[in-house]
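Below: the structure, in structure tokens.
The values are calculated or read from the model by the stated rules, or taken from the named source; none is laboratory data. This one's a predicted model, so the numbers in the text were calculated from it and none came from an experiment. Cβ: placed from backbone, ideal geometry, glycine included. Neighbour counts: every protein chain shown.
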Amino acid sequence: MDIKLLKTAVAAAAMFMSFHFGMMAQDTPDKNPQVEEYARRYDLLVSRLGPDGVGIETLLDNWAEIAPDDIRLLTARFSYYFAKSQSTEVVPKAQKKFMGAAPVLTLKDSTGADVNYFQEVFYNDSLYSLSMKYLDKAVRADSDRLDLRFMKATALVSYEKESPDMALAYLSKLVDENVLVEGKWEYPGAEMTPSFFQDAIQEYCYTFFNIGSEGSYKAFFDLSEKMLGYYPDATVFMDNVGSYYLVAEDDSATALKYYKKVLKINPEDYTAIKNSVLIARKQKNTKLEKKYLAMLVKCTDGAEKLAAETRLKAL
């Protein structure tokens, strides 16, 4: 996808960063009917009140008395304290976007300059740490559960915001572990296809890109490079590196080199073609733009194909 489409796609992925995690409904039922009743009541309360609603802590305490190591209980505890740790404020920032989002409000200061206000989630460190303690316990109880690993990665991204150092380190180690276990994970409710792990990591790359800070761009680049180290022909991560140079470094020449590598593997890669068109247009290189516009016509349809054909005829 091109840069604008990439940012749009990432915005959707970034929405999970203030999301309150719920219990995994597909977890294996317990043989104890009382445990299952607590699980059922928990699901019902969360659906009506949210993960930190009135009465949920009492239910979790009672549940813990009979099944303290139930993974569903541990993830529910995590969700409860994670939600409790959050508070939202509208704050002024000297930037046009924050976490990939536009300001919720723009006012003028005494000099007439714009002052942008953004919605930001803040965390109570003690409650956040408590939530992670329960999640870590769940991971230790079943280290093959990839959903739990991603739950932790997502919580780290949410907590660190524009400086996702711990999230990057955690995901990098997870990439190493994925190679060691040969992709043999469990993910309740999902089909573990050969591309599942790579697709999920790409969602985190999208999120880092969308945040748009210096630290998140670095995480976007480093995680993409990490994946290329194990999967050198994975064009999606080559595209990422090209997009990093194009957007974060404003280095069109290096970006184009990566897109050319992509097109040698997949001549119809939309991201590489579309961004190459943009680079050629920026460089005012008509010959190069014609080349990539012709390729764009072949790999698109509808309005975009028509626009590419019109532009090609006009050159």
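See the values below:
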item	result
Close pairs from region 125-138: first within 12 Å of residue 151 (Cα to Cα), partner modelled with pLDDT of 95 or more and surrounded by fewer than 18 Cβ atoms within 10 Å (Cβ to Cβ), Cβ under 6 Å, at least 6 apart	none
Any hit, region 102-110, residues being in contact (Cβ under 8 Å) with a residue 24 or more places away in the chain, farther than 23 Å from residue 148 by Cα and assigned to a strand (DSSP E or B)	no
Residue within region 130-138 that is of a type in the set (Asp, Glu), outside any loop (DSSP other than H, G, I, E, B) and more than 24 Å from residue 206 (Cα to Cα) present	yes
Options 200, 219, 190; residue that is free of Cβ contacts under 8 Å to residues at least 60 places away in the same chain and in a loop (DSSP other than H, G, I, E, B)	190
Identity of the residue in region 114-140, closer than 23 Å to residue 73 by Cβ and among the polar types (S, T, N, Q), that ends up surrounded by the fewest Cβ atoms within 10 Å (Cβ to Cβ)	126
Candidate set: region 49-93, residues that are of a type in the set (S, T, N, Q) and out of contact with any strand residue (DSSP E or B) (no Cβ under 7 Å at 6 or more places or on another chain); chosen: the one farthest from residue 159 (Cα to Cα)	62
Some residue of region 150-163 being in a helix (DSSP H, G or I), more than 15 Å from the chain's Cα centre (by Cα) and under 21 Å from residue 200 (Cβ atoms)	no
Qualifying position, being farther than 25 Å from residue 211 by Cβ and modelled with pLDDT of 95 or more, among 109, 144, 136	144
Test: residue in region 73-93 that is among the acidic types (Asp, Glu), in contact with a helix residue (DSSP H, G or I) (Cβ under 9 Å, 6 or more places away or on another chain) and outside any helix (DSSP H, G or I)	no
Residue check for residue 254: modelled with pLDDT of 95 or more, over 20 Å from residue 100 (Cβ atoms) and more than 16 Å from the chain's Cα centre (by Cα)	yes
Condition broken by residue 212, with the remaining ones in (1) in contact with a Gly (Cβ under 9 Å, 6 or more places away or on another chain); (2) exposed (fewer than 14 other Cβ atoms within 10 Å of the Cβ); (3) touching a residue at least 60 places away in the same chain (Cβ under 8 Å) satisfied	(2)
Exclusive hit being over 23 Å from residue 172 (Cβ atoms) and buried (at least 22 other Cβ atoms within 10 Å of the Cβ), set 204, 259, 244	259
Residue tally, condition surrounded by fewer than 13 Cβ atoms within 10 Å (Cβ to Cβ) and either among the small types (Gly, Ala, Ser) or at positive phi (or both), over region 74-108	3
Residue check, residue 111 over 24 Å from residue 143 (Cβ atoms), surrounded by fewer than 18 Cβ atoms within 10 Å (Cβ to Cβ), among the hydroxyl-bearing types (Ser, Thr, Tyr) and in contact with a strand residue (DSSP E or B) (Cβ under 9 Å, 6 or more places away or on another chain)	no
